[in-house]
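Peer 1: The structure that follows is given in the form of structure tokens.
The values are calculated or read from the model by the stated rules, or taken from the named source; none is laboratory data. For clarity, every value in this text was computed on a predicted model and none was experimentally measured. Because the Cβ atoms are built from the backbone with ideal geometry, glycine has one as well, and the counts that use them run over all protein chains shown.
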Amino acid sequence: MLPPKSSIARPDPAASLYAKAGLTVLTATRAIADEAPASADVSAPKVIGLLKTPTGISGLDEVTGGGLPRGRATLVCGPAGCGKTLLAMEFLVRGITEFDEPGVFVAFEETIDDLRSNVASLGFDLAQLEADGQLMLDHVTLVHGDIQETGDWDLEGLFLRLGAAIDAVGARRVVIDTIETLFGRFADRGILRAELARLFVFLKDRGVTAVITAERGEGTLTRHGIEEYVSDCVIVLDHRVKEQTSIRRLRVLKYRGSYHGTNEYPFLIGETGISVLPMASLGLSHSVSNDRMSTGNAVLDSMLGHFGFFRGSSVHVSGTSGTGKTTLAAQFCNAACQRGERVMFFSFDESREEIIRNMLSVGVDLRQWTDAGLMQLHCFRPSLLGLEAHLFTVQQLVGEFNPSIVVKDPISDLASLGTPVEVAALLARQVDYLKARGVTSLFTSLTSAGGPTRVEQQMTSLADTWIIINSVEDRGENKRVLYVVKARGMANSNQIRELLLTDHGVELSDVYDGAAITKRPGDS
Amino acid sequence: MSLPEVGFELTVTTDDVRYEFTLFVSGASALAARAIANARRLCDLHCSGNYRLSVVDIHEDASSLLTKNVLVTPTLVKSLPLPVRRVVGDLSQRDKVVDALDLPATRVVRGTMARSM
């Protein structure tokens with residue numbers, strides 16, 4: 001709890017001020033917790049901010065600006081099957097394994113055996129944590145049938161039991177899942193509400209950081225209004241099915257005294273637990289590279305200031321049908337693989353074997369790279385996954401494989417997944433995510449003759465380099481011409497060159513001097 | 001009302017015990033006092049001369065929390081005759097207690113049960 005001594009002694013005035021401030025807050029909350037919990041919010045200096053307990057859950061700490069309010073209760077609510085229990089359990093397990101904070105899990109619904117086996121698939125060995133004396137699982141069974149009330153009562157038994165469990169492991173974190181079960185059992189709601197209010201004061205007094213789960217009600221946050229008692233931090237989980245695709249979302253509805261991300265963030269229950277992807281919160285602060293990487297075509301390299309694309313930049317190749325966009329992308333991958341780099345290729349309109357065969361016909365042998373494990377080809381129709389799931393899948397694959405290049409061919413197929421605004425947001429998140437990882441992205445898009453599509457318009461600001469390939473009819477021939485519309489940070493060529501698809505890939509001829517070139521909007 | 005003594009056992013029986021009760025209370029509270037007084041009166045009225053009533057303070061005997069699953073205090077458990085039945089609360093609603101614990105009716109009713117003010 002206390003800041004390490006070294007940070008206090010550090011000469012940096014800001015750091016020592018912070019350490020002092022931390023100490024002040026700590027003493028203040030302690031004293032308040034002992035005497036008058038209600039006055040905490042009034043007297044605590046707002047400038048310093050709350051002390052937070054990191055959850056260790058991937059992405060959640062970023063959304064909450066550092067974790068849940070320390071020494072207070074957080075309400076996690078949502079419909080059945082939205083992942084409340086899992087989130088709560090991961091909060092405890094990560095608390096133990098990553099922050100050395102023992103925990104207590106009070107379950108009103110699931111039995112201990114169920115809890116253990118439900119999270120075993122995520123690699124959480126609860127039995128081991130229990131044996132180590134760091135975790136206490138307590139299943140509170142309620143007597144079958146109605147509980148006959150014959151006058152006033154209290155929940156002292158539950159309090160004592162909870163207190164004993166906290167003491168047994170020296171718990172710093174407590175989960176109560178789902179306290180609202182009690183509402184189904186007692187007729188006297190007045191007493192029950194008073195007792196619940198007392199329970200939350202009790203938890204605060206014990207100084208534990210608590211997560212309380214509750215089921216979502218009809219038109220209300222929770223079925224029985226638990227949010228009246230737990231008001232410091234409220235996290236809402238949701239589980240929707242949109243166009244046959246299930247999407248889980250998380251939102252921080254309220255976080256008293258702290259900034260927090262206000263969006264709905266998609267989250268995924270993966271093999272290692274919950275991951276919340278706060279992608280929209282990524283600032284434009286990624287480190288930039290001056291490294292260049294070849295496009296796989298010497299002439300194109302020369303058009304881009306002689307050295308090709310910047311590493312970690314985003315490249316957009318747009319063009320009409322059959323102009324060689326995929327081939328250009330494949331050559332870029334081929335060159336990277338030759339340097340021993342890893343590439344990931346997403347195709348939304350061709351199967352794996354089709355791509356390999358088609359690229360072989362223009363002299364690009366991709367099979368050698370997939371066999372060597374340097375290249376991953378992922379082929380699926382975008383409609384297979386929803387927007388969010390698409391984002392997740394791509395990011396998960398990228399996270400696992402760690403490629404230096406990601407190709408998506410073509411992104412115009414994503415337009416069917418949502419409204420233009422949604423698709424634009426997806427592309428922005430994707431580009432930001434890849435940039436933050438230092439991955440070079442090459443997205444192709446199919447344009448119609450009528451002008452730029454919406455996806456294309458979105459890409460014009462996102463892309464660092466924009467290459468257009470067009471078909472032109474010239475003197476009885478349908479010719480493909482390529483030019484660089486923009487290339488941030490490099491002296492790019494203004495030339496228009498004819499693109500030839502040969503049996504050894506894309507070739508760019510000398511400067512094209514035909515007359516019938518249609519200029520595109522945005523051309524500089 | 002004076003605060004009660006807890007952790008005692010009260011046996012009023014002539015021959016074999018027919019009725020056996022355990023009352024779980026929490027400390028020396030007014031709630032506990034009411035429940036104890038009501039329990040005694042209830043036993044005297046409905047199981048006269050033939051019962052054993054034990055009063056357990058859950059603060060003193062924490063094992064009862066888990067073994068008897070006592071979450072609510074006061075809780076009155078009737079362990080004999082079978083089946084085991086339980087009620088919670090200060091037992092001020094006598095009709096409910098009698099009904100839930102399946103106690104014999106009584107003809108004589110003197111005074112009322114202790115209630116919270």
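Peer 1: State yes or no: is B:V25 in contact with a strand residue (DSSP E or B) (Cβ under 8 Å, 6 or more places away or on another chain) and modelled with pLDDT under 80? Outline the logic, then answer.
Peer 2: Working: in contact with a strand residue (DSSP E or B) (Cβ under 8 Å, 6 or more places away or on another chain): yes; modelled with pLDDT under 80: no.
Considered against the rule, which asks whether it is in contact with a strand residue (DSSP E or B) (Cβ under 8 Å, 6 or more places away or on another chain) and modelled with pLDDT under 80, B:V25 comes out as no.
Peer 1: Follow-up question, since we're still on this one. Could you list all residues from segment B:74-90 that are more than 7 Å from chain A (Cβ to nearest Cβ), hydrophobic (A, V, I, L, M, F, W, C) and part of a strand (DSSP E or B)? Working first, answer last.
Peer 2: Step one: of segment B:74-90, the residues more than 7 Å from chain A (Cβ to nearest Cβ) are B:75-85.
Okay, now just the ones that are also hydrophobic (A, V, I, L, M, F, W, C), so B:76-77, B:80, B:82, B:84.
Once the filter is applied, which keeps residues that are more than 7 Å from chain A (Cβ to nearest Cβ), hydrophobic (A, V, I, L, M, F, W, C) and part of a strand (DSSP E or B), segment B:74-90 yields B:L76, B:V77, B:L80.
To keep it simple, each residue is scored yes or no on (1) out of contact with any Pro (no Cβ under 9 Å at 6 or more places or on another chain); (2) modelled with pLDDT under 90; (3) not in a helix (DSSP H, G or I).
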{"position": "A:G312", "(1), (2), (3)": "yes, yes, yes"}
{"position": "A:T323", "(1), (2), (3)": "yes, yes, yes"}
{"position": "A:T327", "(1), (2), (3)": "yes, no, no"}
{"position": "A:M344", "(1), (2), (3)": "no, no, yes"}
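Peer 1: Here's a follow-up. Can you confirm whether A:G133 is in contact with a Lys or Arg (Cβ under 7 Å, 6 or more places away or on another chain) and not basic (K, R)?
Peer 2: In short, no.
Peer 1: Suppose the filter is modelled with pLDDT under 80 and within 27 Å of B:A105 (Cβ to Cβ); does B:V17 pass it?
Peer 2: So B:V17 fits the description; yes.
Peer 1: Right, another one. Checking A:L253 against (1) more than 14 Å from chain B (Cβ to nearest Cβ); (2) at pLDDT below 90; (3) within 27 Å of A:A131 (Cα to Cα): exactly one of these is not met. Which one?
Peer 2: (3)
Peer 1: Another one. Out of everything in segment B:92-112 that is touching a helix residue (DSSP H, G or I) at 6+ places or on another chain (Cβ under 7 Å) and at the interface with chain A (Cβ under 7 Å from one of its Cβ atoms), what residue ends up being modelled with the highest pLDDT?
Peer 2: In this case the residue turns out to be B:S92.
Peer 1: How many residues does segment A:204-220 contain that are modelled with pLDDT of 80 or more and surrounded by fewer than 22 Cβ atoms within 10 Å (Cβ to Cβ)?
Peer 2: The qualifying residues number 6.
Peer 1: Can you name the residue in segment B:48-58 that is assigned to a loop (DSSP other than H, G, I, E, B) and modelled with pLDDT under 85 and is also nearest to the other protein chains (Cβ to nearest Cβ) among such residues? Steps first, answer last, please.
Peer 2: Residues of segment B:48-58 that are assigned to a loop (DSSP other than H, G, I, E, B), as a first pass: B:48-49, B:58.
Filter once more, keeping what is modelled with pLDDT under 85: B:48-49.
On the way: B:S48: 20, B:G49: 23 Å.
In this case the residue turns out to be B:S48.
Peer 1: Which ones in segment B:60-73 are within 7 Å of chain A (Cβ to nearest Cβ) and over 18 Å from A:Q148 (Cβ atoms)?
Peer 2: Scanning segment B:60-73 gives B:A62, B:L65.
Yes or no, residue by residue, for (1) modelled with pLDDT of 80 or more; (2) closer than 26 Å to A:G324 by Cα; (3) over 21 Å from the mean Cα position of the chain (by Cα):
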site: A:S347; (1), (2), (3): yes, yes, yes
site: A:G363; (1), (2), (3): yes, yes, yes
site: A:L384; (1), (2), (3): no, yes, no
site: A:S404; (1), (2), (3): yes, yes, no
site: A:D413; (1), (2), (3): yes, yes, yes
site: A:L427; (1), (2), (3): yes, yes, no
site: A:V439; (1), (2), (3): yes, yes, no
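Peer 1: Kindly indicate whether A:E101 is surrounded by fewer than 19 Cβ atoms within 10 Å (Cβ to Cβ) and more than 10 Å from chain B (Cβ to nearest Cβ).
Peer 2: Criteria not met by A:E101.
Peer 1: Can you name every residue in segment A:173-192 that is without any contact (Cβ under 8 Å) to a residue 40 or more places away in the chain and away from chain B (no Cβ under 11 Å)?
Peer 2: A:G184, A:R189, A:G190
Peer 1: Check B:G89 against each of (1) out of contact with any strand residue (DSSP E or B) (no Cβ under 9 Å at 6 or more places or on another chain); (2) at pLDDT 80 or above and name the one condition it does not meet.
Peer 2: Going through (1) out of contact with any strand residue (DSSP E or B) (no Cβ under 9 Å at 6 or more places or on another chain); (2) at pLDDT 80 or above one by one, B:G89 breaks only (1).
Peer 1: Against the conditions (1) touching a residue at least 40 places away in the same chain (Cβ under 8 Å); (2) aliphatic (A, V, I, L, M); (3) more than 23 Å from A:S313 (Cα to Cα), where does A:V406 fall short? Just the number, please.
Peer 2: Against the list (1) touching a residue at least 40 places away in the same chain (Cβ under 8 Å); (2) aliphatic (A, V, I, L, M); (3) more than 23 Å from A:S313 (Cα to Cα), A:V406 comes up short only on (3).
Peer 1: What's the number of the only condition in (1) at pLDDT 75 or above; (2) within 10 Å of chain A (Cβ to nearest Cβ); (3) surrounded by 15 or more Cβ atoms within 10 Å (Cβ to Cβ); (4) not in a loop (DSSP other than H, G, I, E, B) that B:A37 fails to meet?
Peer 2: Result: B:A37 fails condition (2) only.
Peer 1: Consider segment A:470-508. How many of its residues are under 34 Å from the mean Cα position of the chain (by Cα), in contact (Cβ under 8 Å) with a residue 60 or more places away in the chain and part of a strand (DSSP E or B)? Talk me through it step by step, then tell me what you get.
Peer 2: Let us first name the residues in segment A:470-508 that are under 34 Å from the mean Cα position of the chain (by Cα), namely A:484-490.
Filter once more, keeping what is in contact (Cβ under 8 Å) with a residue 60 or more places away in the chain: A:484, A:487-490.
When the remaining residues are screened for being part of a strand (DSSP E or B), the result is A:484, A:487.
The total comes to 2.
Peer 1: Name every residue in segment A:142-172 that is charged (D, E, K, R) and either within 24 Å of A:G81 (Cβ to Cβ) or within 12 Å of chain B (Cβ to nearest Cβ) (or both), in order of residue number.
Peer 2: Scanning segment A:142-172 gives A:D146, A:E149, A:D152, A:D154, A:E156, A:R161, A:D167.
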